[in-house]
Amino acid sequence: MVDVSGKVREPGIHRLPAGSRVTDAIEAAGGLRKGADTEGLNQARLLVDGEQIVVGEPGKAGVAAAPAPGAAAGPAAGGAGGAPGTPISLSSATPEQLETLPGVGPVLAQHIVDYRTQHGGFTSVDQLKDVDGIGDKRFADIKPMVTP
């Protein structure tokens, strides 16, 4: 189940089969509305149960997962609909959003994406320690800034 919102014809909760991709979620939501900007939205990415797909206006396309209680979803830098200081979802953030984390560059961001693809997402922030390139110090720096 995913929540598709923004510039789609039928926003809301949509049930899709395992192995579905972002493009399938957009199609289930009736397709894009006129003026929808999908730049920065990886439509080929595999979906994770419970995530939110936000299809936005220019510069606002993004993906977010269910936030921790009392927090809004989105990247720590405040883009894609989140406020500054908002935790980043390990299960749905784009590589660019992951790169806003301390010590995370393009290669490590890709390792995080590869890990969640292979393991069906993150169910715990502690799983980040299993990602190649995340040591104890980097984990300690990143942990308060992310959600599963």
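Here, each number is a calculation from the coordinates, and none is a lab measurement. If you're wondering where the values come from, they're calculated on a predicted model, not measured in any experiment. Glycine gets a Cβ as well: all are built from the backbone with ideal geometry, and neighbour counts include every protein chain shown.
Model label sites at Ser124 and Ile13, defined 7 Å from Cα along the beta-carbon direction, differ in position by 2.7 nm. Per-residue Karplus couplings for segment 39-51, computed as 6.51 cos²θ - 1.76 cosθ + 1.60 with θ equal to phi - 60°, are listed in order as 4, x, 9, 6, 6, 8, 5, 5, 7, 10, 3, x, 7 Hz, Gly and Pro entered as x. Packing, taken as the mean count of other beta carbons within 10 Å per residue, orders the peptides 129-135, 110-116, 35-41 from highest to lowest as 110-116, 35-41, 129-135.
Residues whose amide H falls under 5 Å from that of Gln52, counting only those 5 or more places apart or on a different chain, are Asp3, Ala64, Ala65, Ala66, with hydrogens built in the peptide plane. Multiplying the residue separation of Thr100 and Arg21 by 0.36 nm and removing their Cα-Cα distance gives an extension gain of 26.0 nm. Across segment 4-59, the convex hull enclosing all Cα atoms gives 65 Å³ per residue.
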